[in-house]
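Input: a single structure, listed below in C-alpha cells.
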Amino acid sequence: MFNEAGKNLAQMLKGGVIMDVTNAEQAAIAEKAGACAVMALERVPSDIRAQGGVARMSAPEMIKSIQAVATIPVMAKVRIGHTMEAKILEALNVDFIDESEVLTPADPFSHVDKKSFTIPFVCGATNLGEALRRISEGASMIRTKGEAGTGNVIEAVRHIKTMKKEIEELKSMNDEQLANAAKEMRVDVELVKQVRDLGRLPVVNFAAGGVATPADAALCMELGCDGVFVGSGIFKSSDPAKVAHAVVQAVIHYKDAKKLAEISEGLGEAMPGLEISTLDVRMQQRGW
Amino acid sequence: MIGVLALQGGFREHMEVLAMLELEACEVRTREELMRPELIGLIIPGGESTVMLKFIDEFGLRSAICARAQHPEFTMYGTCAGLILLAKEVPNLKGEPLGLLDVTVERNAYGRQLDSFITDFGSFIRAPKITRVGENVEVIMEHEGLPVLVRSGNIWGSTFHPELVGNVEIHRKIF
C-alpha cells in the first residue's frame with residue numbers, strides 16, 4: 001500500500017526542520033542555516049491569510065529556480081484534490097508534494113489519489129482518522145494542520161495531543177471496538193491494527209502550522225513529533241538566517257533546556273502572531 | 001556500546017537494528033557523549049549531509065570523531081549521508097567532509113526522489129555514488145557494477161540503507 005521509497009525519504013528528514021521559501025535566495029539561506037528540506041511556495045501562509053484570494057500551486061519557473069540552488073530535497077504544495085497540479089509537480093521532479101490546506105482547496109469531495117503517483121506526498125491531519133484516511137490514499141508522511149500563518153502554536157499542539165490520545169485509546173480496544181473505530185474513521189481495520197501495534201503512525205509525523213520560535217519547535221519535539229515544518233516563522237521574523245539556525249538547533253537539543261536558553265537569545269522580533277478566535281478562515285478545517 | 005550520531009536523520013532505525021542484534025547502543029549529540037570510554041563504535045546515519053556536517057563543526061565534534069577513528073579497534077559505519085561525511089572527496093558538498101575514508105562520493109548521483117529505489121538488501125534514497133575508490137579501500141559489495149559497501153580498516157561506508165528494509169546482516173558483519 002505504501003510508497004516505500006517516499007516513506008524512506010521522510011525517515012531521512014526526521015529530526016530536521018523543513019522551511020517555507022518563496023525564492024532561490026531564501027532557499028540558500030534556509031539550506032545554510034541547516035534546513036533538511038525546503039518547501040517552495042508563492043507566498044508564505046501569513047501573506048496568503050492577509051491578502052486573501054485563491055492560493056494555488058507555485059509557478060514552475062519559481063520551483064526550478066529553487067531546485068537550481070538547493071542540494072537538499074525540494075517540496076512544493078498543491079491544492080487539496082488538485083490531481084493535475086500534482087502531475088505538474090511530479091513532471092517538475094520535485095522530491096515531495098504537500099497536499100496542503102494552506103492553498104485554496106480544489107476538490108470539495110476528495111483528496112488526490114496519491115497511490116497513483118511515484119512522487120511521495122505529505123498531508124496534514126488534525127486527528128487520527130484524518131491521518132489514516134490520507135495514509136490510505138497513499139500519503140508517505142503526515143504533519144499536523146496547526147493554523148498556518150498565525151505564529152500561534154496552540155492548534156498544532158491540539159492535533160499532536162489529539163492523535164496521541166486516539167492512538168492510546170486503540171491499545172485497550174478489542175477486535176469489535178477496533179472494527180467500529182475503523183468504520184468511524186472510514187479506513188481499513190488492518191491499518192488501525194497496525195497503528196495499535198506500533199503505538200504510532202506507520203509513517204513519519206511532523207509538526208506544522210504556527211511554529212514561530214525555537215521554543216515552539218522544541219515543544220513539538222517534546223510532544224513526540226519526528227520533526228518540524230516552519231512557514232512564516234522564519235522569513236517573517238526580523239532576522240531570518242538567525243531564527244532559522246536557532247530553530248534547527250532547538251529541534252536537535254529539545255531535551256536540553258540550558259542549550260535552548262542559549263539558542264533563544266538575541267533573535268530579534270519573532271513574526272507577528274494572531275489569536276485563533278479572531279480568524280476569518282480556519283485553514284485546518286479544509287480537507288475531508 | 002555503539003554510538004549513533006543523532007544530529008538529524010534516520011538514527012532511530014539504526015538503534016532498532018542494533019537492538020535486534022542485541023548490541024548495546026546510545027544516541028550521540030555532544031563531544032562528551034562521543035568521548036565516553038565505553039563507546040567502541042559509531043554509526044553516522046542517513047539524513048541530510050549538509051545539516052549533519054554543519055552541526056558536526058558547530059558542536060565541535062569533528063576533532064573528536066577524527067580522534068576516535070585513529071584507533072583501529074574503534075569501528076565506524078556511515079550510511080548514505082554518513083558515507084558522504086566520512087569520504088575524502090565530495091565535489092558537490094559545501095564544506096569539508098571528515099576525510100576518513102579514501103573514496104570520492106558524488107551526492108544525489110542517481111537523481112532526485114523519482115530516481116530513488118529499493119532492493120532486497122537496502123534502500124537507495126536520493127543516494128550517492130562512489131566514483132573513486134582509494135588504494136587501501138576494499139569494495140565489499142557492488143550493485144549494478146558500482147561499489148555500494150566499502151571499508152578501509154575500521155571505517156565502513158554504504159551508499160544504501162540496510163536499516164530501512166530490516167536487513168541486519170550488514171551491521172552484524174561490521175560490529
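The values are calculated or read from the model by the stated rules, or taken from the named source; none is laboratory data. Quantities reported herein were computed from a predicted structural model and do not represent experimental measurements. Cβ placement follows ideal geometry from the backbone for every residue including glycine, while neighbour counts extend to all protein chains displayed. For the accessible areas, the whole protein counts, side chains as well, though only heavy atoms, and no ligand, DNA or RNA atoms are used. Shrake-Rupley method; radii C 1.70, N 1.55, O 1.52, S 1.80 Å.
Observations, loosely collected:
- All helices (runs of 4 or more DSSP H) inside segment A:197-288 with 3 or more residues being open to solvent by 10 Å² or more (accessible area, probe 1.4 Å): A:214-222, A:240-252, A:257-263
- Considering segment B:71-127, the residues that are assigned to a strand (DSSP E or B) and facing another protein chain (nearest Cβ under 8 Å) include one that is least open to solvent (accessible area, probe 1.4 Å), namely B:123.
- Residue ID - farthest from the other protein chains (Cβ to nearest Cβ), chosen from residues in segment B:34-53 that are touching a residue at least 12 places away in the same chain (Cβ under 8 Å) and open to solvent by 60 Å² or more (accessible area, probe 1.4 Å): B:40
- When residue A:192 is tested against (1) part of a helix (DSSP H, G or I); (2) at positive phi, just one condition goes unmet, and that condition is (2).
- Condition broken by residue A:8, with the remaining ones in (1) touching a residue at least 40 places away in the same chain (Cβ under 8 Å); (2) of a type outside the set (A, V, I, L, M, F, W, C); (3) within 11 Å of chain B (Cβ to nearest Cβ); (4) surrounded by 19 or more Cβ atoms within 10 Å (Cβ to Cβ) satisfied: (1)
- Members of segment A:113-133 that are small (Gly, Ala, Ser), surrounded by 24 or more Cβ atoms within 10 Å (Cβ to Cβ) and over 19 Å from residue A:196 (Cα atoms): A:124
- Which numbered condition residue B:66 fails, given (1) surrounded by 24 or more Cβ atoms within 10 Å (Cβ to Cβ); (2) in a helix (DSSP H, G or I): (1)
- Yes/no for residue B:125 being among the aliphatic types (A, V, I, L, M) and touching a residue at least 40 places away in the same chain (Cβ under 8 Å): yes
- Residues in segment A:11-34 that are of a type outside the set (S, T, N, Q), facing another protein chain (nearest Cβ under 10 Å) and either touching a residue at least 60 places away in the same chain (Cβ under 8 Å) or in contact with a Cys (Cβ under 9 Å, 6 or more places away or on another chain) (or both): A:12, A:13, A:14, A:15, A:16, A:17, A:32, A:33, A:34.
- Among the candidates B:81, B:109, B:87, residue that is under 14 Å from residue B:131 (Cα atoms) and in contact (Cβ under 8 Å) with a residue 40 or more places away in the chain: B:87
Conditions (1) within 14 Å of another protein chain (Cβ to nearest Cβ); (2) more than 17 Å from the chain's Cα centre (by Cα); (3) on the phi < 0 side of the Ramachandran plot, marked per residue:
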| position | (1), (2), (3) |
| --- | --- |
| B:129 | no, no, yes |
| B:133 | no, no, yes |
| B:136 | no, yes, yes |
| B:167 | yes, no, yes |
| B:172 | no, no, yes |
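- Matching residues, segment B:1-33, being in contact with a helix residue (DSSP H, G or I) (Cβ under 9 Å, 6 or more places away or on another chain), away from every other protein chain (no Cβ under 14 Å), part of a helix (DSSP H, G or I) and open to solvent by 10 Å² or more (accessible area, probe 1.4 Å): B:20
- Hey, residue A:37 under 18 Å from residue A:211 (Cα atoms), open to solvent by less than 10 Å² (accessible area, probe 1.4 Å), facing chain B (nearest Cβ under 10 Å) and of a type in the set (A, V, I, L, M) or not: yes
- Taken together, the residues in segment A:30-60 that are acidic (Asp, Glu) and modelled with pLDDT of 95 or more amount to 1.
- Residues located in segment A:239-282, provided they are of a type in the set (Val, Ile, Thr), over 20 Å from the mean Cα position of the chain (by Cα) and modelled with pLDDT under 90: A:278
- Residue list for segment A:238-274, filter: within 17 Å of residue A:208 (Cβ to Cβ) and hydroxyl-bearing (Ser, Thr, Tyr): A:254
- Whichever residue in segment A:88-107 is away from every other protein chain (no Cβ under 14 Å) and either in contact with a Leu (Cβ under 6 Å, 6 or more places away or on another chain) or in contact (Cβ under 8 Å) with a residue 40 or more places away in the chain (or both) and, among such residues, is farthest from residue A:283 (Cα to Cα): A:99
- Checking each residue in segment A:44-87 for being within 14 Å of chain B (Cβ to nearest Cβ), open to solvent by 30 Å² or more (accessible area, probe 1.4 Å) and within 18 Å of residue A:113 (Cα to Cα) picks out only A:87.
- Test: residue in segment A:134-153 that is of a type in the set (Lys, Arg), within 18 Å of residue A:17 (Cα to Cα) and either out of contact with any helix residue (DSSP H, G or I) (no Cβ under 6 Å at 6 or more places or on another chain) or open to solvent by less than 10 Å² (accessible area, probe 1.4 Å) (or both): yes
- Qualifying residue in segment A:61-75 (condition: under 27 Å from residue A:152 (Cβ atoms) and either charged (D, E, K, R) or at pLDDT 95 or above (or both)): yes
- Flag if residue A:110 is under 20 Å from residue A:2 (Cβ atoms), more than 14 Å from chain B (Cβ to nearest Cβ), open to solvent by 50 Å² or more (accessible area, probe 1.4 Å) and out of contact with any Cys (no Cβ under 6 Å at 6 or more places or on another chain): yes
- Matching residues in segment A:162-188 - criterion: being open to solvent by 30 Å² or more (accessible area, probe 1.4 Å) and among the β-branched types (Val, Ile, Thr): A:162
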